[in-house]
Amino acid sequence: MSQQQPEKRGATTQKTGLISRFKMFLHLHRLEVRNSYVGLIKTPIATLMTIAVLGIAIALPAGLHLMLKNASTVSADWDGASRFSLYLNDSVSKTDAEDLVIRLMKRLDVEEAVLIDKQQALDEFQALSGLGDALYQLDENPLPQVVEIIPTEQFSLPEASEAMLGTFKLMPEVAVAKLDMQWVKRLYYLLQVVDRFIYALASMLGLAVLLIVGNTIRLAILNRRDEIEIIKLIGATDAFIRRPFLYTGLWFGIGGGFFALMIISGSLYWLSDPINQLAIQYNSGYALLGLNMTEVFQLMAFSALLGLSGSWVSVSRHLKQINPSY
Amino acid sequence: MISFNNVSKRYENGHDALKHINMTLDEGEMAFLTGHSGAGKSTLLKLISLVERSTRGEVWVNGNNLSKISNRKIPYIRRDIGMIFQDHRLLFDRTVYENVALPLVIEGADHREIGKRVRAALDKVGLLGKEKLLPIMLSGGEQQRVGIARAVVNKPPIILADEPTGNLDPELSAEIMSLFQQFNQVGVSLLIASHDLSLIARMRYRTVTLKGGSLLADGGSV
């Protein structure tokens, strides 16, 4: 029998230096990045399908965001063109009104001033209000003369507009002066609603991405159940076992983000021609906006984060259920 | 190195797998653990490797009271125990080299160091030329030797073997046993569960016999 006393030995006594441990750590991570990538490539169809689903889920809110961004740009263009409506006193004659328009046109802050006389106003009102012939029953035209004013560009900003409105109100011919911002405000609030809607949709689809990645990782874990049991028996920590799955999730996130970018650029390319035609019809130099560098980066980072967290949740849940036995 | 102080294990289904076991395996000692199937051999090994925890009593391994070890610390306890299984438990999608390197990779050893130690371990079990093969290309005896190389590659002070020769013919079994003797000669403590009584008898080592979860005999060879 060999009962001689051996020197103290064992893994606990064999410490490796800190730097070489760190090097090994990096080496391991590089290896895992590569291994998880190779693992995904081995099953190309399944991987592609998962990535496509993730890509669509990510592309939807991102595409809507892009639509919103374009709509905001368009509304911002219009925002500048705020209009004033000056409702004139009844005592002002048509010639006085025409004089007023000429005087207004000379102002530096006025780009254009147009007189809408009583008859024009009535015709317009008749056409738009749907009251039709009923209006002819009136003894006289109750509508005032209106001067519509478009300010020059530098006076279109909210503060300058307010100041102009003040001076218009003080003119003796003017009964009421109004700044036509109502519809701009409405559009603004509508866009706010759409914005919220996109956030809600993005949260739901983000959750979908989490679940899809989580489920895919769950299947991967179950597939490698034996392997996980074995390396647990050998002394692998949970962190070690978790690592390849986290990288797989990260790859899914990055792949999904990239796929989403492709969907978005494809759609933009597909839409750009008709939109340009439309813009030409409106004499507008408007061009469709794509995602800028920051947005591309945000989208990729967000997708990667979703992939990583999806796999994290899944791995933490399912790893606990695998306990080795023999 | 390993000691059981009045250890009992009752599984959740109410089965008493071990009853009041008192046993010590000294540093550098090699012993066989025998008994019929269901006698509690595997349970005893599982308590040492923390696959199961004792219901009562204390298990000490390498100076650690296992009932005080948290789940998070379990991997570090297992790294000091080389485990060998009847069904080898190899990863079949990795080469022989990668299988043997696994314990070192898990520990985060330097990869040059890994290369050196893996080759040394494979040399020891006589498989140096087969490091690039997949386990499936090897015979049963060779697969078991890969498992043994994996168990010793990080030089653990303790080796546990659960029916290591269960699927092997007598000649291969004798080869495996002679490997165990060689490890023992350099100071490794070994506890080998086996019901191959004729083999154990020829080996002339201490033999611990279990029956129905209790210690039936502990001493020289049966």
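Among all the lysines, which ones have a C-alpha under 18 Å from A:Lys69's C-alpha, if same-chain residues fewer than 8 places away are not counted?
A:Lys185
Which of A:Glu173, A:Glu295, A:Glu140 moves most in a GNM of chain A, Cα contacts under 10 Å?
A:Glu140
Any idea how far apart A:Asn35 and A:Thr152 come out in nm if each label point goes 7 Å out from Cα toward Cβ?
Going from the A:Asn35 label point to the A:Thr152 one covers 7.2 nm.
How high is the relative contact order of chain B, in percent, counting Cα pairs under 8 Å that sit 6 or more residues apart?
29 percent
Which whole-Hz ³J(HN,Hα) couplings does the stretch B:98-106 yield from phi under the Karplus relation 6.51 cos²θ - 1.76 cosθ + 1.60, θ = phi - 60°, glycine and proline marked x?
For the stretch B:98-106, the Karplus curve yields 5, 4, 5, 6, 3, x, 6, 4, 4 Hz.
As a footprinting exposure proxy, order A:Ile51, A:Ile275, A:Ile58 by other Cβ within 10 Å, with the fewest listed first.
A:Ile275, A:Ile51, A:Ile58
Let me know the charge dipole size of the stretch A:132-291 about its Cα centre in debye, to the nearest 20, where only the beta-carbon of Lys, Arg (+1) and Asp, Glu (-1) is charged.
In total the dipole reaches around 1280 debye.
So how much slack lies between A:Leu128 and A:Ser316, counting 0.36 nm per residue of separation and subtracting their Cα-Cα distance, in nm? Display every interim value, and only then the final one.
Numbers: separation 188, 0.36 × 188 = 67.68 nm, distance 6.47 nm.
Value of the extension gain: 61.2 nm.
Scan chain A and note any complete DSSP helix (H) whose C-alpha atoms cover at least 20 Å along its axis and whose Kyte-Doolittle average is 0.5 or more.
A:44-80, A:182-223, A:238-281, A:293-319
Expected output is a single nm value to one decimal: the length gained when fully extending between A:Asn276 and A:Asp226, i.e. 0.36 nm times separation in residues minus the C-alpha distance. What is it? Write out the running numbers ahead of the final one.
Values: separation 50, 0.36 × 50 = 18.00 nm, distance 5.85 nm.
So the chain would gain 12.1 nm between A:Asn276 and A:Asp226.
How shielded is B:100-106 by partner chains, expressed as the average number of their Cβ atoms within 10 Å of its Cβ atoms?
4
Springs between alpha-carbon pairs under 10 angstrom, Gaussian network model over chain A: which of A:Gln119, A:Gln192, A:Gln298 fluctuates most?
Maximum among the listed residues: A:Gln119.
Pull out the extension gain between A:Leu289 and A:Lys106, defined as 0.36 nm times the separation in residues minus the alpha carbon to alpha carbon distance; nm, one decimal.
62.1 nm
Please give the peptides A:208-217, B:167-176, A:144-153 ranked by average Cβ packing (other Cβ atoms within 10 Å per residue), highest first, as a rough proxy for protection.
A:208-217, A:144-153, B:167-176
Could you list the residues of the stretch A:44-71 with an amide nitrogen less than 19 Å from a label point located 7 Å from the Cα of A:Ser265 in the Cα-to-C-beta direction?
A:51-67
For chain B, modelled as a GNM with alpha-carbon contacts under 10 angstrom, which of B:Asn154, B:Asn64, B:Asn184 fluctuates the most?
Comparing B:Asn154, B:Asn64, B:Asn184 in the GNM, the peak value goes to B:Asn64.
Zone of B:Ala217 (label point 7 Å along Cα→Cβ, backbone N under 15 Å): which residues in the stretch B:30-70?
B:32-36
Set the Förster distance to 45 Å, then compute FRET efficiency between A:Val114 and A:Leu207 from the Cβ-Cβ distance, nearest 0.05.
Once the sixth-power term is evaluated, E becomes 0.25.
Normalising by the residue count of chain A, find the relative contact order in percent from Cα pairs under 8 Å and 6+ residues apart.
Details: 347 pairs, mean separation 88.8, N = 326.
Relative contact order here is 27 percent.
Could you point to the residue in A:Gln119, A:Leu138, A:Gly256 farthest towards the positive end of chain A's charge dipole, with +1 and -1 charges on the Cβ of Lys/Arg and Asp/Glu respectively?
My answer, from the dipole projection, is A:Gly256.
Are there trypsin sites (Lys or Arg not before Pro) in the stretch B:122-168 that DSSP marks as loop and that have at most 14 other Cβ atoms within 10 Å, and which are they?
Numbers: sites: B:Lys124, B:Lys130, B:Lys132, B:Arg145, B:Arg150; in loops: B:Lys132.
When the trypsin sites (Lys or Arg not before Pro) of the stretch B:122-168 are filtered for loop state and at most 14 Cβ neighbours within 10 Å, B:Lys132 remain.
Here are some pairs, A:Lys106/A:Lys178; B:Lys68/B:Lys124; A:Lys232/B:Lys130; B:Lys68/B:Lys211; B:Lys19/B:Lys73; which of them have Cα atoms lying more than 30 Å apart in this structure?
B:Lys68/B:Lys124
Using unit Cβ charges (K, R positive; D, E negative) and no other charged atoms, how large, in debye to the nearest 20, is the dipole of the protein assembly as shown about its Cα centre? Walk me through the numbers on the way to the answer.
Working: 56 positive and 54 negative charges, 920 e Å.
Charge dipole of the protein assembly as shown: 4420 debye, to the nearest 20.
For the pair A:Leu68 and A:Leu26, how long in nm is the line joining their label points, each one 7 Å along Cα→Cβ?
In this crude spin-label approximation the distance works out to 4.2 nm.
Over the whole of A:225-231, what's the average partner chain Cβ count within 10 Å per residue? Rounded to a whole number, please.
4
Go ahead and estimate [θ] at 222 nm for chain B from helices alone: -39,500 (n - 2.57) per DSSP H run with n ≥ 4, summed, over the residue count, rounded to 500.
Details: 7 runs with 75 residues, N = 222.
-10000 deg cm²/dmol, from helical runs alone.
Please compute the net charge surrounding B:Ala174, taking Lys and Arg as +1 and Asp and Glu as -1 over other residues with Cβ under 11 Å from its Cβ.
With Lys, Arg at +1 and Asp, Glu at -1, the neighbours total -3.
Taking every residue in B:74-85, how many Cβ atoms of other protein chains lie within 10 Å of its Cβ, on average?
Neighbouring Cβ atoms belonging to other protein chains average 5 per residue here.
For n ≥ 4 DSSP H runs only, could you compute -39500 (n - 2.57) per run for chain A, divide by its residues and tell me the 222 nm figure to the nearest 500? Please report the intermediate quantities before stating the final value.
Details: 9 runs with 223 residues, N = 326.
It lands at -24000 deg cm²/dmol.
What's the exposure ranking of B:Trp60, A:Trp270, going from fewest to most Cβ atoms within 10 Å?
So the residues, fewest neighbours to most, are A:Trp270, B:Trp60.
Taken together, the values in this text are just the output of simple stated rules run on the coordinates, not laboratory data. Everything numeric here is computed off the predicted structure, so don't read it as measured data. Here the Cβ is made from the backbone with ideal geometry for all residues, glycine too, and neighbour counts use every protein chain on show.
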